[in-house]
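Peer 1: Let me give you the structure first, and then I'll get to my questions.
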Amino acid sequence: MIKLDPKIPKGPLAEKWTNYKSAQKLVNPANKRKLEIIVVGTGLAGAAAAASFGELGFKVKLFGIHDSPRRAHSIAAQGGINANKNYRNDGDSTYRLFYDTIKGGDYRSREANVYRLAEVSGDIIDQCVAQGVPFAREYSGYLDNRSFGGALVSRTFYAKGQTGQQLLLGAYGALSKEIHNGSVEMFTRQEMLDVVIIDGRARGIITKNLITGEIERHAAHTVVIATGGYGNVFFLSTNAMNSNASAVWRIYKRGALFANPSFTQIHPTCIPVHGESQSKLTLMSESLRNDGRIWVPRKKEDAEKIRKGQMKPVQIPEADRDYYLERRYPAFGNLVPRDVASRAAKERCDAGFGVGTTGLAVYLDFADSIKRLGRNVIEERYGNLFQIYEKIVDDNPYETPMMIYPAVHYTMGGIWVDYELQTTVTGLFAAGEANFSDHGANRLGASALMQGLSDGYFVLPYTVQSYLADQINVPKFKTNTPEFDAAEKGVRDELNKLLGIKGKQTVDTFHKKLGRIMWDYVGMGRTKEGLEKAIKMIKETRDEFWKDVKIPGDLNGKNAELEKAWRLADYLELGELMARDALVREESCGGHFREEYQTPDAEALRDDEKFMFVGAWEFTGVDKEPVLHKEPLNYEYIEVKTRNYKE
Amino acid sequence: MDFTLKIWRQKDAKTRGSFQTYKVTDISSDSSFLEMLDILNESLVLKGEMPINFDNDCREGICGACSLYVNGRPHGPDTEITICQVHMRKFKNVGTIVIEPWRSKAFPVLSDLMIDRSAFDKIIQAGGYISASTGGVPDANAILIRKEKADESMDAAACIGCGACVAACKNASAMLFVSAKVSHLALLPQGQVEAKRRVQMMVAEMDGQGFGNCTNTGACEAECPKGIKLTYIARMNREFIAGKMGAQKMDL
Amino acid sequence: MSNSILQYSSITKKIVMALVGLFLLMFLLVHLAVNSFLIFDPSRALFNEGAHFMATNPLIQSMQYFLFGGFILHIILGLILQIQNWLARPVRYKIEGWSHTSPFSKFMIHTGIIIFIFLLIHFINFFFVAKFGEVPVFADTEMEDMGLLVIQVFKIPGYVAFYVVALILLAFHLHHAFQSAFQSLGMNHSKYTPFIKGLSTVLSVVISLGFIAITLVIFFSSRYQA
């Protein structure tokens, strides 16, 4: 029986991390060289961790699926990164960032972890500036800030609309330095297929070379998974095409618990879907909500005319526009958290006020800001985003309002980890979006970058070292042990099974089918009936997939369809777990909205009595019911309230 | 919209490749170029053939993975854009589309349209960074940077490392890429300390990787999806001269 | 030096190429000035004095070695760079992209090679004759009548035609070369570069048209008799 121990250090909240670091076990420099660490994933968390481990003197093997570590999907984050610097003198502090993050997450995250995140957030900015990240500056030469959803202070640092890119290039620089120094060995175009556990500890991984198709074995003293989130279970999301959940799903199947899988973030400002052949969705940075006003027509007739192309948005007079966010949430207006904004858009469109040819879009209008600030200022702030929009939609957002609609963007859920970011498998760590830790039921904008870098630069170097302290006498592992043999045989058998199906339908056909089910029943609005139906439908789709998928080629060489099939096989199991988790959680909180549980004015209705816990699922076998373990959440330093962005 | 596609097919790095002709029909003008290839690939898979391999990931123009040479131009017919962001409406009245991989000795073809760009990573690993280890750095606002400098540095740092500059250059030169990286760091006070060393290490590695020489034709600038300017190449030349004159002889 | 040229980094080669190129351009300007004496003074006296000065002044004579060295360095480096550039793309595109760039910049090696051939012929016609051949003495002076030699050659139609073609190609070469040299030397500035590019056009046209005009005037005018 697994017992969930979050291992939160003793002492007052503000001293926990300091206490941990003081008591943490260290490894002397000569011994570090003998210890090997495998890191999987080269995004912010993975690259930062690998570089930091390398600097400490450990031997690091870093694995990524791309041709270069710099292509990991952290690169696509646009808006910015939060930090508690209080450079604006507007009342920011560690406590306030902590508070905003807990509140934004709708009181479903662990206090100690979030406080640590807020505590190290300032160090991240210092580190990034030292690495040469060209954050926006004021004319004085000091760093500039912008405000972001869910906060009343300006604490977001940014580098044009390419903050994720710049932070990742910073981490990639640090990583390149360590590769140059020989402490990190980089394996590109390698996909992790399984983790190898020896005597109860994670000691290696099985990978596939995505070019040659070769199956490889790699051993180390410990394994860190930083492979990102699982938003692509929905087929259409803002995740990159190759972002996948297979690494986390495989460690789940090997004993790591999966926490809060249903907590999915639907981002309110994406470019609406155009048609069936759409392969992915493009995000328009949330920062646009700083200066853009969101509205739909007040009259249904107008909305209808717009959908039919008989009317243009600029023709609708001010009085006939419904700025529904400003109307419903006077205090935060267009800057309410993402889950609230997304749901409000869905509510308006479902009620028949949606625009665009599909009726699944709302307007994001810059006309007022252009009038107030001038086109130049808007261009300087959002020029590149406007350009992207125009290239994709063929509309000029300076002249006509943008159209946006919510899309799957981020998964708060992930592998359950304790305070040390260690999973329930000893010696197996999870970082960044891959773990569940800091965002509760909803992540605030500009916090993902913060968390990835916090885990990579400032948490794992301490906690992994502490874990390795008693491993110094363990010699390097060989990869010819029975455990490696068994793991490799397992993946080979499964790959061959996939290739042997020789059915009639393509991988994407199944993926689209799964995505449809997930979006309709496990998306923004969930019900008991819908979720039960989804579980059934997912199972059916999974069975059909294993009978009828068509994959050409063989194990040798590049086989893109086989890669996709491998990932989809995992999504088809993960999707079911997400639905189960959503079904069990009979409340609404953050990104998880159960239609049965809402206030009279359609806000999320939490049930703290019954559901103030982390729901961590244990794998028992495919087609067997997983076991739910509950980690209760205790709020000692924060008063639990109903989230209110109205006043 | 209907198109005839002539696409480079090559099983793997060792096999000889050739152009194959395919037809696609009923493509929506709102589809992206890569979605058009997805449609073709679906039809190939249904026929039991291997789909066309091409690198792509974010499909938002930022990861730099996509790398197709379309009708004589890297990233296709539009400017300041990656091919993943190009939509089929740009191909009105274009019947035949020829798709080739980037061609350069330093970027060998791996499979079909996929190439190996690790030469770029090698150049960065040679010194394209600031050697700041985690921890022990000053407060972010302790380093003041003039806004203009920070912006210019950001413009250089916007490079996505896709390699379109190499693909476009008649000499397959990597100067635009390397100069963007050199300039990004050289423009910042934090990057000054290692500036002279950095530029020499990176240029030596660039030469060693088999890229051609810059002849200032400007093709790279014309095709760069992120609008990186030739002025950065001049800046790198300047940095290089300063490095040669100022720094002690290095073991390269 | 010979051993180190190959080891020069790509940028060093370009810098040397640029510096030498600018030096050669100065020679062209001097050459053009001296040639123009033939127009200002059809009697050839001025030209012959100029030629005599150039042939006897010790400073100019010592510069000659630099000039030869410069040409050779420029040519060798140009060839090395070009061969490396060809090797950098072993498999060529099915559809070559030609758009959006200066057309002249793509043909530097081609214009360069034709100019080199021209230079060899030019050299045999004038320099060798002056150094090793027999050139009549001008009027009652001790100076060689180089002017007469020039006029004789410039009355040959085939030669003039070749000369004109070579000089047009020279204009193409210089048009890219001059402004490119500044880029190679790290001088690219939002304010000054447009000026340098303009100057590049002006220089290439002036030099090329200047030489061509002198040749054509001599060829067509009856005032010049061989």
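The values are calculated or read from the model by the stated rules, or taken from the named source; none is laboratory data. Everything numeric here is computed off the predicted structure, so don't read it as measured data. We place every Cβ from the backbone using ideal geometry, glycine too, and count neighbours over all the protein chains shown.
Peer 1: Could you tell me whether B:Ser104 is crowded, with 24+ Cβ neighbours inside 10 Å and out of contact with any Cys (no Cβ under 8 Å at 6 or more places or on another chain)?
Peer 2: Details: crowded, with 24+ Cβ neighbours inside 10 Å: yes; out of contact with any Cys (no Cβ under 8 Å at 6 or more places or on another chain): yes.
Spelling it out, B:Ser104 is indeed crowded, with 24+ Cβ neighbours inside 10 Å and out of contact with any Cys (no Cβ under 8 Å at 6 or more places or on another chain).
Residue by residue, here is whether (1) at pLDDT 95 or above; (2) touching a helix residue (DSSP H, G or I) at 6+ places or on another chain (Cβ under 9 Å); (3) crowded, with 22+ Cβ neighbours inside 10 Å holds:
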residue	(1), (2), (3)
A:Thr358	no, yes, no
A:Glu379	no, yes, no
A:Gly383	no, no, no
A:Gly413	yes, yes, yes
A:Trp416	yes, no, yes
A:Tyr419	yes, yes, no
A:Leu428	yes, yes, yes
A:Asn435	yes, yes, yes
A:Ala448	yes, yes, yes
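Peer 1: Which condition does A:Met518 not pass, out of (1) touching a helix residue (DSSP H, G or I) at 6+ places or on another chain (Cβ under 7 Å); (2) surrounded by fewer than 22 Cβ atoms within 10 Å (Cβ to Cβ), if it passes all the others?
Peer 2: Against the list (1) touching a helix residue (DSSP H, G or I) at 6+ places or on another chain (Cβ under 7 Å); (2) surrounded by fewer than 22 Cβ atoms within 10 Å (Cβ to Cβ), A:Met518 comes up short only on (2).
Peer 1: Of the conditions (1) over 24 Å from the mean Cα position of the chain (by Cα); (2) more than 19 Å from B:His75 (Cα to Cα); (3) more than 7 Å from chain A (Cβ to nearest Cβ), B:Ala13 clears all except one; give me its number.
Peer 2: The number of the failed condition is (1).
Peer 1: Same structure again: Which residues, counting only those in the stretch B:149-185, are within 11 Å of the chain's Cα centre (by Cα) and at positive phi?
Peer 2: B:Gly161, B:Gly163, listed by residue number.
Peer 1: Ok, one more. Kindly indicate which of C:Phe178, C:Phe126, C:Phe132, C:Phe182 is modelled with pLDDT under 95 and surrounded by 17 or more Cβ atoms within 10 Å (Cβ to Cβ). If you could, list the steps in order and put the result at the bottom.
Peer 2: Working: C:Phe178 fails: modelled with pLDDT under 95; C:Phe132 fails: surrounded by 17 or more Cβ atoms within 10 Å (Cβ to Cβ); C:Phe182 fails: modelled with pLDDT under 95.
Result: C:Phe126 is the single residue among C:Phe178, C:Phe126, C:Phe132, C:Phe182 that is modelled with pLDDT under 95 and surrounded by 17 or more Cβ atoms within 10 Å (Cβ to Cβ).
Peer 1: Here is a follow-up. Just a yes or no: is a residue in the stretch C:92-115 over 30 Å from B:Arg73 (Cβ atoms) and surrounded by 14 or more Cβ atoms within 10 Å (Cβ to Cβ)?
Peer 2: Yes: one or more hits.
Peer 1: When A:Asp194 is evaluated against the numbered criteria (1) part of a strand (DSSP E or B); (2) touching a helix residue (DSSP H, G or I) at 6+ places or on another chain (Cβ under 7 Å); (3) within 14 Å of chain B (Cβ to nearest Cβ), which criterion, by number, is the only one it fails?
Peer 2: Of everything listed in (1) part of a strand (DSSP E or B); (2) touching a helix residue (DSSP H, G or I) at 6+ places or on another chain (Cβ under 7 Å); (3) within 14 Å of chain B (Cβ to nearest Cβ), A:Asp194 misses just condition (3).
Peer 1: Also, quick follow-up: Please return the ranges of helices (runs of 4 or more DSSP H) entirely within the stretch C:1-72 where 3 or more residues are modelled with pLDDT of 95 or more and within 14 Å of chain B (Cβ to nearest Cβ).
Peer 2: By residue number, C:10-40.
Peer 1: Another question about this same structure. Restricting the search to the stretch B:58-84, which residues are touching a Ser or Thr at 6+ places or on another chain (Cβ under 7 Å), away from chain C (no Cβ under 12 Å) and buried (at least 24 other Cβ atoms within 10 Å of the Cβ)?
Peer 2: If the condition is that a residue be touching a Ser or Thr at 6+ places or on another chain (Cβ under 7 Å), away from chain C (no Cβ under 12 Å) and buried (at least 24 other Cβ atoms within 10 Å of the Cβ), then B:Arg59, B:Gly61, B:Cys66, B:Cys84 are the ones that fit.
Peer 1: In the stretch A:130-140, is there at least one residue being within 29 Å of B:Ser133 (Cβ to Cβ), β-branched (Val, Ile, Thr) and under 21 Å from the mean Cα position of the chain (by Cα)?
Peer 2: no
Peer 1: A further question on this structure: Are any residues in the stretch A:612-643 without any contact (Cβ under 8 Å) to a residue 60 or more places away in the chain and out of contact with any Phe, Trp or Tyr (no Cβ under 9 Å at 6 or more places or on another chain), and if so, which ones?
Peer 2: Selection gives A:Phe613, A:Thr620, A:Gly621, A:Val622, A:Lys624, A:Glu625, A:Glu639, A:Thr642.
Peer 1: Can you tell me which residues in the stretch A:99-115 are part of a helix (DSSP H, G or I) and under 19 Å from the mean Cα position of the chain (by Cα)? Steps first, please.
Peer 2: Within the stretch A:99-115, the subset part of a helix (DSSP H, G or I) is A:99-104, A:111-115.
Selection gives A:Asp100, A:Thr101, A:Ile102, A:Lys103, A:Gly104, A:Asn113, A:Val114.
Peer 1: Same structure again: When you scan the stretch A:57-91, how many residues do you find that are surrounded by fewer than 24 Cβ atoms within 10 Å (Cβ to Cβ) and over 30 Å from B:Ser67 (Cα atoms)?
Peer 2: Residues in the stretch A:57-91 being surrounded by fewer than 24 Cβ atoms within 10 Å (Cβ to Cβ) and over 30 Å from B:Ser67 (Cα atoms): 10 in total.
Peer 1: Tell me the helices (runs of 4 or more DSSP H) entirely within the stretch A:502-616 that contain at least 3 residues that are of a type in the set (Lys, Arg).
Peer 2: In the stretch A:502-616, the matching helices (runs of 4 or more DSSP H) lie at A:507-521, A:528-548, A:560-584.
Peer 1: Regarding B:Ser104, is this residue more than 30 Å from A:Gln127 (Cα to Cα) and touching a Lys or Arg at 6+ places or on another chain (Cβ under 9 Å)?
Peer 2: Details: more than 30 Å from A:Gln127 (Cα to Cα): yes; touching a Lys or Arg at 6+ places or on another chain (Cβ under 9 Å): yes.
Yes: the conditions hold for B:Ser104.
Peer 1: Related question: Here are A:Asp368, A:Asp350, A:Asp394: which of them is acidic (Asp, Glu), within 20 Å of A:Met311 (Cα to Cα) and either touching a residue at least 40 places away in the same chain (Cβ under 8 Å) or assigned by TED's automatic domain parsing to the domain that holds A:Ile306 (or both)?
Peer 2: On the way: A:Asp368 fails: within 20 Å of A:Met311 (Cα to Cα); A:Asp350 fails: within 20 Å of A:Met311 (Cα to Cα).
Of A:Asp368, A:Asp350, A:Asp394, the one residue that is acidic (Asp, Glu), within 20 Å of A:Met311 (Cα to Cα) and either touching a residue at least 40 places away in the same chain (Cβ under 8 Å) or assigned by TED's automatic domain parsing to the domain that holds A:Ile306 (or both) is A:Asp394.
Peer 1: Within the stretch B:151-177, which residues are part of a helix (DSSP H, G or I) and at the interface with another protein chain (Cβ under 10 Å from one of its Cβ atoms)?
Peer 2: B:Asp151, B:Glu152, B:Ser153, B:Met154, B:Asp155, B:Ala156, B:Ala157, B:Val166, B:Ala167, B:Ala168, B:Met175
Peer 1: Could you grab me the full set of residues in the stretch C:87-132 that are part of a helix (DSSP H, G or I) and at the interface with another protein chain (Cβ under 8 Å from one of its Cβ atoms)? Working first, answer last.
Peer 2: Keep residues of the stretch C:87-132 that are part of a helix (DSSP H, G or I), which gives C:87, C:104-132.
Within the stretch C:87-132, C:Leu87, C:Ser105, C:Lys106, C:Met108 meet the criteria.
Peer 1: Is it the case that A:Ala579 is of a type in the set (A, V, I, L, M, F, W, C), surrounded by fewer than 18 Cβ atoms within 10 Å (Cβ to Cβ) and not assigned by TED's automatic domain parsing to the domain that holds A:Tyr252? Break it down into steps so the answer makes sense when it comes.
Peer 2: Numbers: of a type in the set (A, V, I, L, M, F, W, C): yes; surrounded by fewer than 18 Cβ atoms within 10 Å (Cβ to Cβ): no; not assigned by TED's automatic domain parsing to the domain that holds A:Tyr252: yes.
No: the conditions fail for A:Ala579.
Peer 1: So, of the residues in the stretch B:106-150 that are of a type in the set (S, T, N, Q) and closer than 25 Å to B:Arg16 by Cα, which turns out to be farthest from the other protein chains (Cβ to nearest Cβ)? Full working, then the answer.
Peer 2: At the first step, the residues of the stretch B:106-150 found to be of a type in the set (S, T, N, Q) are B:111, B:118, B:125, B:131, B:133-134, B:141.
Now restrict to residues that are closer than 25 Å to B:Arg16 by Cα: B:111, B:118.
Working: B:Ser111: 4, B:Ser118: 7 Å.
Among those residues, the one meeting the criterion is B:Ser118.
Peer 1: Would you pick out the residues in the stretch B:171-189 that are more than 26 Å from B:Asp78 (Cβ to Cβ) and surrounded by 20 or more Cβ atoms within 10 Å (Cβ to Cβ)?
Peer 2: B:Val182, B:Leu185, B:Ala186, B:Leu187, B:Leu188
Peer 1: Any idea how many residues of the stretch A:376-408 are part of a strand (DSSP E or B) and out of contact with any Pro (no Cβ under 9 Å at 6 or more places or on another chain)?
Peer 2: Total satisfying the criteria: 2.
Peer 1: Do we find a residue being modelled with pLDDT under 95, crowded, with 19+ Cβ neighbours inside 10 Å, on the phi < 0 side of the Ramachandran plot and over 30 Å from the mean Cα position of the chain (by Cα) anywhere in the stretch A:480-494?
Peer 2: No, the stretch A:480-494 has no match at all.
Peer 1: Residues that are within 14 Å of another protein chain (Cβ to nearest Cβ), surrounded by 24 or more Cβ atoms within 10 Å (Cβ to Cβ) and of a type in the set (A, V, I, L, M, F, W, C): does the stretch A:245-262 have at least one? Break it down into steps so the answer makes sense when it comes.
Peer 2: From the stretch A:245-262, those within 14 Å of another protein chain (Cβ to nearest Cβ) are none; that's our starting set.
Within the stretch A:245-262, not a single residue is within 14 Å of another protein chain (Cβ to nearest Cβ), surrounded by 24 or more Cβ atoms within 10 Å (Cβ to Cβ) and of a type in the set (A, V, I, L, M, F, W, C).
Peer 1: Moving on to the next point. When both residues are 6+ apart or on different chains and their Cβ atoms are under 9 Å apart, which pairs have a first residue that lies in the stretch C:36-49 and is free of Cβ contacts under 8 Å to residues at least 12 places away in the same chain, and a second that is in a loop (DSSP other than H, G, I, E, B)?
Peer 2: C:Ser43/C:Ala139
Peer 1: B:Pro225 fails exactly one of the following numbered conditions: (1) in a loop (DSSP other than H, G, I, E, B); (2) at the interface with chain C (Cβ under 9 Å from one of its Cβ atoms); (3) not aliphatic (A, V, I, L, M). What is the number of that condition?
Peer 2: Only one criterion is unmet by B:Pro225, namely (2).
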